[in-house]
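Novice: Sharing a structure, written as C-alpha cells. Questions coming.
The values are calculated or read from the model by the stated rules, or taken from the named source; none is laboratory data. In this text, all values refer to a predicted model and were calculated from it rather than measured experimentally. Here the Cβ positions follow ideal geometry from the backbone for every residue, glycine too, while neighbour counts run over all protein chains shown.
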Amino acid sequence: MRTLATGIAVLGLVGATAPTAQASSPSPSAESCSKIQKKAKKAKKAGAAKKAKRLQKRSRSCRKQVNRLRTVVNAISGYTFTGTRGDGLPMNLTFCPDGKWISYERDIRFANRGDSWYVRELDYTSSTKWVTQVGENKDRSDGGFGIGLARAGDTFQVGIASFDAVTDLGPATRSSGAALCATL
C-alpha cells in the first residue's frame with residue numbers, strides 16, 4: 001500500500017512532537033494529528049456525530065502514518081549504509097539524527113553533504129519491510145540528492161530514487177554512524 005509520506009523532516013520525527021514539520025506538507029505530523037483529534041471532539045460536542053466519526057477515523061489514520069514514519073526514520077537515523085546499487089555504483093551513506101548527511105559515491109575523495117534529510121515516498125508494509133526515498137529536499141521535484149533505501153527483515157538495500165519509485169536496489173549493510181556524525 002502506497003502512503004503519502006512526502007517530506008517529513010527527520011528532526012520532526014525523532015522527538016515526541018514535530019516542531020519542524022511544515023504546515024504546507026501533505027504528510028502528517030504529530031501536531032497535525034492532534035489538531036484533527038481536537039476537531040473531532042469539537043464536532044462531537046456540537047452534535048455532529050457523522051463529522052466526528054469521520055474526523056476520528058482520519059485522526060487514527062494520521063497517527064498510524066506518523067508511527068510508520070518514525071519507525072523508518074529510527075531505522076535510518078544515526079546509521080551508515082554501505083553497499084552497491086543494482087546498477088553497480090558503490091555507495092556509502094550516513095544519516096545523522098541532527099539532520100546532517102554525507103554520501104560517498106565511487107571514491108571516498110568525492111563526498112556529497114547536506115544539513116537536512118527527509119523521508120519521502122514511503123511504501124510501508126511492516127516495521128521490517130519498507131521501501132522509501134531519502135532526499136535533501138522534501139519534494140523530489142526540487143532536485144538535489146536523493147537515494148532509495150529498502151528493508152526486508154534484517155537486510156537493507158540501496159537504490160536509485162527515480163520519480164516516485166525506487167529502482168535498481170542492491171545489497172547494503174547497516175552499521176553505526178555515530179562516530180562520523182560526531183565529526184559532521
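Novice: Say whether the condition of being in a helix (DSSP H, G or I), out of contact with any helix residue (DSSP H, G or I) (no Cβ under 8 Å at 6 or more places or on another chain) and surrounded by 16 or more Cβ atoms within 10 Å (Cβ to Cβ) is met by at least one residue in segment 82-105.
Specialist: No: zero hits.
Novice: Kindly indicate whether Asp123 is among the acidic types (Asp, Glu), within 13 Å of Ala75 (Cβ to Cβ) and modelled with pLDDT of 90 or more.
Specialist: no
Novice: Within segment 119-173, considering only strands (runs of 3 or more DSSP E) that don't extend past its boundaries, which have at least 2 residues that are surrounded by 13 or more Cβ atoms within 10 Å (Cβ to Cβ) and of a type in the set (S, T, N, Q)?
Specialist: Working: elements: 129-135, 146-152, 155-162.
Qualifying strands (runs of 3 or more DSSP E): 129-135, 155-162.
Novice: Among the listed residues Phe145, Phe95, which satisfies the condition of being of a type in the set (A, V, I, L, M, F, W, C) and closer than 16 Å to Leu180 by Cβ?
Specialist: Phe95
Novice: Would you mind telling me which numbered condition in (1) more than 18 Å from Ala178 (Cα to Cα); (2) modelled with pLDDT under 95; (3) not aromatic (Phe, Trp, Tyr) Arg113 fails?
Specialist: (1)
Novice: For segment 38-78, how many residues are outside any helix (DSSP H, G or I) and either over 26 Å from Ser175 (Cβ atoms) or of a type in the set (D, E, K, R) (or both)?
Specialist: 3
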